[in-house]
Amino acid sequence: MLLKKNKALAISMGIFLGLTGTSFAQSTSDTDKVSSENKVSVTDNENINANVNSFSDVPQGHWAYEALDYLAQHGVIEGYKDGTFQGNRTMTRYEMASIVANAMKSDKGDIGDKAVLNQLKEEFSEDLKQMQSQIDKNTSDISKLKEDAERFKISGFGRVSWDNDNIKGYIDQNDNNRFYLDLKGKFKVNDDWNFNFESETNQRYARYVTSDGKVEYHEDHGDSDGVIQRIWAEGNIDKLHVDVGRRWRGLGFQNVLLGNETDGIVLDYPLDNNGLKALAFYQKPTDPGYDFAMYGLGVQGPVSDNLQINLAYAQLDIDKNESPGYNVYDGNKELANTFGSHGLVLSAMWNPMKNITLIGDYVLTNAEKEHVDETASDGTRHIFDIDENTSKSIRLNYRWTNLNDPGSFQLYTRWFDYGRRGNIMGDEEWGLLKPGSKGWVFGFKYVPAKNIEWETMYEIADMYSVFYGEKDQQYKRDFIRTQVDFYF
């Protein structure tokens with residue numbers, strides 16, 4: 001009976017203090033902060049039978065000792081992390097409401113006790129409703145802020161790159177030493193559609209040597225565009241995925257047939273539930289002077305647990321003997337057609353065992369044989385045919401890097417044989433892989449820190465010269481590149 005009286009006394013005191021308002025302050029950021037950060041339940045103590053002795057500022061002779069002792073044992077009240085009760089501190093009505101809730105949960109008293117609790121429940125019902133309303137509003141606000149934040153995302157990477165190359169006949173011989181930024185943005189339109197942009201900035205910092213041996217330097221910021229070069233939309237119409245606009249696109253896993261910026265549309269539709277899909281596309285390369293388009297069909301995706309395919313057929317809207325455009329850098333002369341009127345790529349990715357990946361691309365065009373009759377600078381006449389309308393590339397990867405896993409790495413090697421008329425506009429990977437070359441690439445990737453990747457590669461290849469009168473002559477190309485990418 002004594003405990004019940006103490007309980008009733010303690011709760012009655014709460015009612016009295018709450019009704020008179022002498023101990024219930026309006027909720028402030030300071031009191032709420034103290035309440036949320038410093039309070040600790042007495043049940044958190046090692047002594048399961050917690051009692052008021054846990055409160056260093058409530059001696060046994062205190063007039064409220066027995067009431068507080070009872071409530072502490074029953075989990076109705078809580079102390080602070082410093083071991084005090086702070087009974088003289090102004091209490092908020094929210095804190096008192098919390099005590100009432102705990103008292104209701106732990107109540108095992110008689111009818112009189114319940115009557116007291118009902119009085120408390122009635123007194124604080126509006127406060128509890130306001131608390132719940134505020135919680136609901138905060139939850140809604142947080143959800144809306146999260147949704148708004150996810151509507152726009154920025155990603156990309158910055159690169160520092162250095163090359164050493166002995167390639168012949170290109171003005172940009174060593175011109176890929178650069179600071180580079182690839183910036184991408186995605187705007188969420190709704191649950192089905194996104195609108196995207198991409199901006200590339202390419203700041204080249206090294207000298208280059210022209211084909212006649214003249215050493216030159218970049219004197220301005222002509223390569224530092226910093227503008228939005230590509231804009232496209234992506235979305236779904238039921239199961240049909242739509243990709244429309246200007247962006248970088250490729251055909252095949254290694255983009256040998258096509259790897260270029262294009263204007264156009266790509267549609268894909270699922271063929272099964274495992275990711276295999278059919279493709280239909282219409283694309284127009286955006287390189288200056290080129291004026292042709294391609295359209296075609298393809299299929300890509302997994303066909304088994306360890307095998308994926310990427311097959312495509314592209315038909316051009318020009319005849320195989322028709323010029324694809326004009327040379328804007330040389331008096332708008334007609335460009336020679338080096339790829340014909342259609343192309344085919346057969347590409348596969350195979351994982352025969354853990355950490356081993358094989359990637360292969362085979363490309364075939366219907367480019368016409370080129371008959372060459374040239375006289376070299378020494379007066380000798382060179383007559384020969386260029387009949388190289390296939391390209392092949394096989395890549396072997398050991399492991400993969402993971403930007404979230406510092407210390408992860410990848411080793412790779414690639415054998416390639418790129419015909420001079422064996423692709424439409426394949427990805428040359430910043431000059432690494434050129435038509436008319438055959439050889440090997442050896443490289444590695446390493447993640448020294450989160451979101452940072454270091455890559456170094458070396459190429460040795462037999463490559464045909466592009467100089468007039470020397471196009472039937474080969475030389476040994478040596479190329480090394482090292483670069484560090486910073487992803488965000």
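Any residue at all in region 310-318 that is closer than 20 Å to D387 by Cβ and open to solvent by less than 80 Å² (accessible area, probe 1.4 Å)? The answer is yes; a qualifying residue exists.
Within region 458-488, track down each residue that is in contact with a Phe, Trp or Tyr (Cβ under 7 Å, 6 or more places away or on another chain), over 30 Å from L403 (Cα atoms) and of a type in the set (D, E, K, R). Once the filter is applied, which keeps residues that are in contact with a Phe, Trp or Tyr (Cβ under 7 Å, 6 or more places away or on another chain), over 30 Å from L403 (Cα atoms) and of a type in the set (D, E, K, R), region 458-488 yields K471, D472.
Tallying residues that are assigned to a strand (DSSP E or B) and small (G, A, S) within region 459-488 yields 1.
Could you check region 347-356 and list, in sequence order, the residues that are in contact (Cβ under 8 Å) with a residue 40 or more places away in the chain and farther than 9 Å from N306 by Cα? Selection gives S347, A348, N355, I356.
For every residue, the table says whether it meets (1) at pLDDT below 95; (2) closer than 23 Å to G156 by Cβ.
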site	(1), (2)
D220	yes, no
I231	no, yes
V242	no, no
L251	no, no
V266	no, yes
P270	no, no
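Right, L344: open to solvent by less than 50 Å² (accessible area, probe 1.4 Å) and closer than 30 Å to Q473 by Cα or not? Considered against the rule, which asks whether it is open to solvent by less than 50 Å² (accessible area, probe 1.4 Å) and closer than 30 Å to Q473 by Cα, L344 comes out as no.
Got at least one residue in region 242-251 being in contact with a His (Cβ under 8 Å, 6 or more places away or on another chain), surrounded by 14 or more Cβ atoms within 10 Å (Cβ to Cβ) and among the hydrophobic types (A, V, I, L, M, F, W, C)?
The answer is no; no qualifying residue exists.
On inspection, N327 fails the criterion of being assigned by the TED database to the domain that holds T262 and touching a residue at least 40 places away in the same chain (Cβ under 8 Å). Once region 165-187 is narrowed to residues that are open to solvent by 30 Å² or more (accessible area, probe 1.4 Å), modelled with pLDDT under 95 and among the charged types (D, E, K, R), the residue that is farthest from W430 (Cα to Cα) is K168. Taking T482, is it open to solvent by 20 Å² or more (accessible area, probe 1.4 Å), under 14 Å from D165 (Cβ atoms) and at pLDDT 95 or above? Spelling it out, T482 is indeed open to solvent by 20 Å² or more (accessible area, probe 1.4 Å), under 14 Å from D165 (Cβ atoms) and at pLDDT 95 or above.
Per-residue answers, yes or no, for (1) within 23 Å of G235 (Cα to Cα); (2) in a strand (DSSP E or B):
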{"position": "M131", "(1), (2)": "no, no"}
{"position": "Q134", "(1), (2)": "no, no"}
{"position": "K146", "(1), (2)": "yes, no"}
{"position": "L181", "(1), (2)": "no, yes"}
{"position": "F187", "(1), (2)": "yes, yes"}
{"position": "N190", "(1), (2)": "yes, no"}
{"position": "E200", "(1), (2)": "no, yes"}
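Yes or no, residue by residue, for (1) touching a Leu at 6+ places or on another chain (Cβ under 9 Å); (2) open to solvent by less than 90 Å² (accessible area, probe 1.4 Å); (3) at pLDDT below 75:
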{"residue": "Q60", "(1), (2), (3)": "no, no, no"}
{"residue": "Y65", "(1), (2), (3)": "no, yes, no"}
{"residue": "A72", "(1), (2), (3)": "no, yes, no"}
{"residue": "G87", "(1), (2), (3)": "yes, yes, no"}
{"residue": "K108", "(1), (2), (3)": "no, no, yes"}
{"residue": "A115", "(1), (2), (3)": "no, yes, yes"}
{"residue": "L120", "(1), (2), (3)": "no, yes, yes"}
{"residue": "S133", "(1), (2), (3)": "no, yes, no"}
{"residue": "K144", "(1), (2), (3)": "no, no, no"}
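Table: residues versus (1) within 33 Å of the chain's Cα centre (by Cα); (2) basic (K, R); (3) under 15 Å from R395 (Cβ atoms).
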{"site": "Y418", "(1), (2), (3)": "yes, no, yes"}
{"site": "D427", "(1), (2), (3)": "yes, no, yes"}
{"site": "L433", "(1), (2), (3)": "yes, no, yes"}
{"site": "M463", "(1), (2), (3)": "no, no, no"}
{"site": "V466", "(1), (2), (3)": "no, no, no"}
{"site": "K471", "(1), (2), (3)": "no, yes, no"}
{"site": "Y475", "(1), (2), (3)": "no, no, no"}
{"site": "Y487", "(1), (2), (3)": "yes, no, no"}
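The values are calculated or read from the model by the stated rules, or taken from the named source; none is laboratory data. Since the structure is predicted, the reported quantities are computational estimates derived from the model, not experimental observations. Reconstructed Cβ throughout: ideal geometry from the backbone, glycine too, with neighbour counts over all protein chains shown. Quick note on the areas: whole protein, heavy atoms, side chains included, nothing else; ligands and nucleic acids left out. Shrake-Rupley method; radii C 1.70, N 1.55, O 1.52, S 1.80 Å.
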